[in-house]
Amino acid sequence: MPAAEVSVSAGVVRELLAAQHPDLASAPVEVMTNGWDNLVCRLGEELLVRLPRRALAARLVRNEQQWLPILAPRLPLPVPAPVRTGKPGSGYPWAWSVVPYFPGETAAHRAPGDARAAAETLGAFLAALHRPAPPDAPVNEYRGVPLARRADRVAGQLAQLDGRPEREAAARVWREAVAAPGWDGPPLWLHGDLHPANILVSQDRISAVIDFGDLTSGDPASDLCVAWMLFPPRERAVFRQAYGGADDATWARARGWALALALVLMTRSADNPLMAGIGERTFAAVLA
C-alpha cells in the first residue's frame, strides 16, 4: 500500500472539525479504515470523515464533492454524496469531506444472500449511472479508456504468472477482449472502481455503493467487469439483462477489464489478503 504523504489521524480530524464545523466537533471520532487513498473515520453514529492521504487522492475527493451531489438523486441506491466539505487547515494541505455513514458490510466480506436479487439491483444501478457525461466530467487515464491501453501492464502481469497453468488461457481471453470492437458511443458516467469492497450489503441485500474517488467518464465496460468479480455465471446473465445495454462487444471488453483488474489485485496485494482474494476469485471466474 502506498505510504501516506501527510500525517493523517483522528487527532487531525478533531482539529479540522473544531475549526471548520464546530457543531460536529463534539461527536466521537474513531479511525475506521486507513486505505490506499484516504483515511476514513467514523464521526458519531451517522457520519464519516474522508481525508486524502496522498496528493493524487486529493484531486479525486474534489471530483466527489463536485459531482456526487448531482448524480445521487437519480441513482436507485444510496451513494456517499458529501454533506459537508472541508478545506486545508491545522497543517493539513487538502480538501476533505464529511459523508453519510451507511450500515452494512462490504460484499468482499459478506456476499448478498440472494445473488439473483443482487444482480438485478446492481445492474439497475449501473443502468441509471451510465448516462452521457458532460464535457467537463472527470477523465481517468486508467479506467474507461480503450482496453488496449492496458496491454503493456497486462503483458507484464501475465509474465508474473509464469508456471501457472492458467497463463495461456488468460492470454487468450485478453486477446479476444482487445479484438472486440471498441466503445463508439459518448463517454458515460462511470464509478471507476466498482468491486466487491466498494459495494455494501445489509440484511443480505446490496444496500449502497461507496468510494467514488475514481469517478470518471468513458467506456462502460470498465464498470461492467464487476459481473465477474461478484456473480456466478447464471446471476451474471441476470445482471447483464438488468443493465439492459451491454451488447456482445461491450460484454467482451468487460470480461477483459475483469481480467486486467484481477491481475492487478493478484500481483499487487501482498499486504492485503482481502483484495488478493478478490483478484484470485475474479481470475477464476473470467477463465471458467
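Data table
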read-out: Asp248 paired with Glu176, simple spin-label distance in nm, labels 7 Å along Cα-to-beta-carbon; value: 1.2
read-out: Average accessible area per residue (Å²) across the chain - probe 1.4 Å, nucleic acids and ligands excluded; value: 45
read-out: Amide H contacts under 5 Å for Ala108, placed H, 5+ residues apart; value: Ala197, Ile199
read-out: Largest to smallest principal axis extent of the C-alpha atoms in segment 44-129, angstrom; value: 48, 26, 24
read-out: Gain upon complete extension [Glu15, Thr33; 0.36 nm per residue less C-alpha separation]; value: 4.6 nm
read-out: Gap separating the Cα centres of segment 148-192 and segment 73-144, nearest whole Å; value: 25
read-out: Cα gyration tensor shape for segment 125-213, rounded if a/c is under 1.5, else prolate or oblate; value: oblate
read-out: Vicinal HN-Hα couplings computed from phi for segment 269-283 (Karplus, 6.51 cos²θ - 1.76 cosθ + 1.60; Hz; Gly/Pro x); value: 10, 4, 9, 9, x, 4, 6, 4, x, 4, x, 5, 5, 5, 4
read-out: Dipole-positive endmost among Ser207, Val173, Leu190 within segment 124-214 (Cβ charges, Cα centre); value: Val173
read-out: Additional length obtainable on full extension of the chain from Gln241 to His109, 0.36 nm per residue less Cα span; value: 44.9 nm
read-out: Length released on extending from Glu166 to Glu280, taking residue separation times 0.36 nm less the Cα-Cα span; value: 39.9 nm
read-out: Cα shape, segment 168-276, gyration tensor, a/c 1.5 rule; value: rounded
read-out: Prolate/oblate/rounded call for segment 75-189, Cα gyration tensor, a/c under 1.5 rounded; value: prolate
read-out: Rounded percent of accessible protein surface that carbon and sulfur make up, segment 91-217, 1.4 Å probe; value: 50
read-out: Restricting segment 164-257 to GluC sites (Glu not before Pro) in coil, as DSSP defines it, with at most 15 other Cβ within 10 Å; value: Glu166
read-out: Per-residue SASA entry for Ser217, accessible area with 1.4 Å probe, Å² rounded to 10; value: 20
read-out: Pairwise Cα inverse-distance average, inverted: Kirkwood Rh of the chain (Å); value: 19.7
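The values are calculated or read from the model by the stated rules, or taken from the named source; none is laboratory data. Quick caveat: nothing in here was measured; it's all calculated off a predicted structure. Counting neighbours? That spans all protein chains shown, and the Cβs are built from the backbone with ideal geometry, glycine included. Note: accessible area is taken over every heavy atom of the protein model, side chains too, but ligands, DNA and RNA are not part of it. Shrake-Rupley method; radii C 1.70, N 1.55, O 1.52, S 1.80 Å.
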